[in-house]
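**Student:** Here you go, one structure.
The values are calculated or read from the model by the stated rules, or taken from the named source; none is laboratory data. Just so it is clear, the structure is predicted and the values come from calculations on it, not from any experiment. Cβ placement follows ideal geometry from the backbone for every residue including glycine, while neighbour counts extend to all protein chains displayed.
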Amino acid sequence: MSKEPVALATVRGTRAGQNTIMMACGGGALPEAPGRSFRFRSMVGPAPECGNVSRRNILSEEGFNRMTQAEKIAAHPTTAAARMMKVFVRDLVLAARIGVYQHEKLASQCVRINLELACTEHPAINDDVSNVVNYADLVEQIRAIVAKGHINLVETLADRIAQMCLEDRRVQTAKVRIEKLEVFKEAESVGVEIERARNPR
C-alpha cells in the first residue's frame, strides 16, 4: 500500500513554469502536475515574538489574521531570529504650551517633533495595517499629549511621547527629539533628544 507523500518544506522556486516543492525525505523535488495533489504538513507555528498566542487564534485558511489590540500590548519575548523594522515621524510641527518663562505660559509656540522607533516585525504582515506600528496612530497620540495642557520642559514632553510609544510591546526602543523653533532669532532651534528602551522582563 503506497503512502501519500508529505511535504515538509515550502515552495523554493519554479522551473519550466512548474512549482518545485522540496521534500524533506531524501532532499528530492516533485514538480506539481495536473490532477496530482500533495498533503502538506506545516512545520510553522506561531512566531515567538507574537507572545503566548495559540495556533488556532492566528492562523486561518488565508494565512495570518490581523493582530488584536491585546496582542499588540502583550509581552514579546526577545528572540535572535526576530526581524526588526524602523517606524519614524519626521518634522511634525505643532503649536504647544511649553516653557518655564511667563511669556511661554501665556501663549503657544511651535515645536518640531521627530520620532524613530525600532519595532519587532510581525511574522506575516499580510498587507494589513493592523499588523504594523501605524504612524498615523502615533501622530494622533502625540497631538493628544501636546493638547493636554502646559508643560514646563521639553524633556518632559519627550519622555511622555517615548512612554506612549513603548506601550505597544512591538516597540523595543523609542528615540524622540523635541525642538523649540522660536526661542532665539540666531538659532534655528533648541531642544533635546532622548532614547528609551524597553526594560527586559
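For (1) among the basic types (K, R); (2) buried (at least 16 other Cβ atoms within 10 Å of the Cβ); (3) over 13 Å from G191 (Cβ atoms), each residue gets a yes or a no:
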position	(1), (2), (3)
M84	no, no, yes
F88	no, no, yes
D91	no, no, no
A95	no, no, yes
I98	no, yes, no
A107	no, no, yes
C119	no, yes, yes
P123	no, yes, yes
D128	no, no, yes
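**Student:** Among the listed residues L153, L106, L117, L94, identify the single one that is under 21 Å from A82 (Cβ atoms) and without any contact (Cβ under 8 Å) to a residue 60 or more places away in the chain. I'd like the intermediate steps shown before the answer.
**Tutor:** Values: L153 fails: under 21 Å from A82 (Cβ atoms); L106 fails: under 21 Å from A82 (Cβ atoms); L94 fails: under 21 Å from A82 (Cβ atoms).
Just a single option satisfies the conditions, and that option is L117.
**Student:** Does at least one position in the range 131-146 carry a residue that is out of contact with any helix residue (DSSP H, G or I) (no Cβ under 6 Å at 6 or more places or on another chain), free of Cβ contacts under 8 Å to residues at least 40 places away in the same chain, surrounded by 16 or more Cβ atoms within 10 Å (Cβ to Cβ) and not aromatic (F, W, Y)?
**Tutor:** Looking through the range 131-146, none of the residues is out of contact with any helix residue (DSSP H, G or I) (no Cβ under 6 Å at 6 or more places or on another chain), free of Cβ contacts under 8 Å to residues at least 40 places away in the same chain, surrounded by 16 or more Cβ atoms within 10 Å (Cβ to Cβ) and not aromatic (F, W, Y).
**Student:** Of the conditions (1) surrounded by 15 or more Cβ atoms within 10 Å (Cβ to Cβ); (2) more than 25 Å from H103 (Cβ to Cβ); (3) over 15 Å from the mean Cα position of the chain (by Cα), V154 clears all except one; give me its number.
**Tutor:** Failing condition for V154: (2).
**Student:** Could you name every one of the helices (runs of 4 or more DSSP H) located completely within the range 82-172 that has at least 3 residues being of a type in the set (D, E, K, R) and assigned by TED's automatic domain parsing to the domain that holds E188? Before you say what the answer is, go through the steps one by one.
**Tutor:** Details: elements: 102-106, 135-147, 154-166.
Counting at least 3 such residues, we get 135-147, 154-166.
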